[in-house]
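Asks: Next up is a structure, given as structure tokens.
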Amino acid sequence: MLLNQYLEALLEDLRRSAEGNRMSRLTLKSESIEIDPDRAVAIGIIVNELVMNAVKYAYPDGAGPIHVVLNSQGDDLELSISDDGVGLAVKADPRSTGMGQRIVSAMANKLEASVERDPNHTGTRVILRFSAVSKPLAKVPVNAAK
């Protein structure tokens, strides 16, 4: 399936479900990338969680820009979700349960992705790097001599 089309449809659903204009400045910049549907679902869950975190916490006084960017580098993909909000230096929100972070970690693990926060970005920027295809499982040699 085409990941860029899947993400555009997901972001459009998020925009429609948002209260007021809190996601009016939600953008996607992506190359056309073919990917396995199972991997696309895991990526969609990550994007959903990180976009919702930005909506809830980045702009306490209203809405602001949220950017989703997907680039390919050979067989590898780089996905970033960023905002220009208050950033992580602000005291943790007491409403946060940490469940979203656990979901992102679980889906990143499924994708065998690295997850990092960009410390130089104003606001919050999370970058995931992963292979466009699942790595094959190691084959166990079959001992033919019995």
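Asks: Checking Leu7 against (1) crowded, with 16+ Cβ neighbours inside 10 Å; (2) outside any helix (DSSP H, G or I), which test does it fail?
Replies: Result: Leu7 passes all but (2).
Asks: Take the conditions surrounded by fewer than 13 Cβ atoms within 10 Å (Cβ to Cβ), over 17 Å from Arg129 (Cα atoms) and either free of Cβ contacts under 8 Å to residues at least 60 places away in the same chain or of a type in the set (Gly, Ala, Ser) (or both) and apply them to Asp13. Does it pass?
Replies: So Asp13 passes the test.
Asks: Being farther than 17 Å from Ser32 by Cβ and of a type in the set (S, T, N, Q) is the filter here, so list the residues in segment 1-20 that pass it.
Replies: Matches in segment 1-20: Ser17 only.
Asks: Taking segment 90-138 only, how many residues are in contact with a Leu (Cβ under 7 Å, 6 or more places away or on another chain) and modelled with pLDDT under 90?
Replies: The total comes to 1.
Asks: Here's another thing I want to ask about it. What pairs can you find where one residue is in segment 61-74 and touching a residue at least 60 places away in the same chain (Cβ under 8 Å), the other is small (Gly, Ala, Ser) and not in a strand (DSSP E or B), and their Cβ atoms are less than 9 Å apart, with a gap of 6+ or different chains?
Replies: Partner pairs satisfying both residue conditions: Ser72/Ala132.
Asks: Related question: If I filter segment 95-109 for residues that are in contact with a helix residue (DSSP H, G or I) (Cβ under 6 Å, 6 or more places away or on another chain), within 16 Å of Leu3 (Cβ to Cβ) and crowded, with 19+ Cβ neighbours inside 10 Å, do I get at least one hit?
Replies: yes
Asks: Right, another one. Go through (1) buried (at least 19 other Cβ atoms within 10 Å of the Cβ); (2) at pLDDT 95 or above one by one and return the number of the condition Val41 breaks.
Replies: Status for Val41: all satisfied but (1).
Asks: Please enumerate the residues belonging to segment 44-72 that are touching a Leu at 6+ places or on another chain (Cβ under 8 Å), crowded, with 16+ Cβ neighbours inside 10 Å and among the polar types (S, T, N, Q).
Replies: Scanning segment 44-72 gives a single hit, Asn48.
The values are calculated or read from the model by the stated rules, or taken from the named source; none is laboratory data. Keep in mind that this is a model prediction, so the values were computed, not measured. For neighbour counting, all protein chains shown are included, and Cβ atoms are generated from backbone atoms with ideal geometry for every residue, glycine included.
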